[in-house]
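Here is the structure we will look at.
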């Protein structure tokens, strides 16, 4: 991968946000590009792994829903210190999938989730042994045309290259579950299921009672098919069962969705 050195002045005209969830560093952006800049304390082996993953992803075809990476790693000189980062496309007029749950009615949100789930399955079936690992609803952007885009892909598992982080909800789940963590296709499906439950109940899965689950199932009837799964996931010290893709069980009639208020 090519590496370029960018002066500190380049970032003065850009907006900046801090990556607070995993404290990886900073994101600078304008209306065309996003630059992710890692903290100086990030271990060299992690940066090297991210560099390898970015290079692999930038050379892959048939990944039209991945936000485009540019095939270069940049180094920034700031106050006699060196920071590394990478560049990807900016998605204008977009919101995270998590936030879109507050704006779309349930029927359209379910349709969006099913389309994303189908794409995740397609990626799982591709060559390269890809696992998203951090498949947070905050790492999927929805544009003004309701098309979806996966971001923050430097953390995926591809081939023999491991991930560095998992989503915060998944991390909380495993801390509650008290079982060993296996990051594989089923882990991605589990992460999507956890976020789906969080969307419906506005709470983490381990805080939701079976009574509340059954009450919600009266309106969102597709939940009935995953009742035993929900119960099993709430049991501590029990291994994580196989979880279906969202598109394999979620369903909602449009006329039913108008009577639901979350």
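The values are calculated or read from the model by the stated rules, or taken from the named source; none is laboratory data. Treat the numbers as computed from the prediction; the structure is a model and nothing was measured. Positions of Cβ are backbone-derived with ideal geometry, glycine not excepted, and every protein chain shown enters the neighbour counts.
Of all residues in region 168-182, those being surrounded by 18 or more Cβ atoms within 10 Å (Cβ to Cβ) and more than 13 Å from the chain's Cα centre (by Cα) number 2. Can you spot a residue in region 199-208 that is under 17 Å from the mean Cα position of the chain (by Cα), at pLDDT 95 or above and either surrounded by 12 or more Cβ atoms within 10 Å (Cβ to Cβ) or not assigned by TED's automatic domain parsing to the domain that holds residue 130 (or both)? Yes, region 199-208 has at least one match. The number of residues in region 145-167 being at pLDDT below 95 and loosely packed, with under 14 Cβ neighbours inside 10 Å comes to 2.
With 34, 21 as the choices, which residue is at pLDDT 85 or above and outside the structural domain of residue 150 (by TED's automatic domain parsing)? Quick ask: steps written out before the conclusion?
Details: 21 fails: at pLDDT 85 or above.
It is 34.
Considering the conditions (1) in contact with a strand residue (DSSP E or B) (Cβ under 8 Å, 6 or more places away or on another chain); (2) under 21 Å from residue 232 (Cα atoms); (3) assigned to a helix (DSSP H, G or I), residue 183 is excluded by exactly one of them, (3).
Here residue 136 fulfils each of the conditions (1) under 21 Å from residue 249 (Cβ atoms); (2) in a helix (DSSP H, G or I) apart from (2).
Could you identify the single residue in 84, 59 that is crowded, with 20+ Cβ neighbours inside 10 Å, more than 20 Å from the chain's Cα centre (by Cα) and either farther than 19 Å from residue 28 by Cβ or at pLDDT below 95 (or both)? Let's see the steps before the verdict.
Details: 59 fails: crowded, with 20+ Cβ neighbours inside 10 Å.
Just one listed residue meets the conditions, 84.
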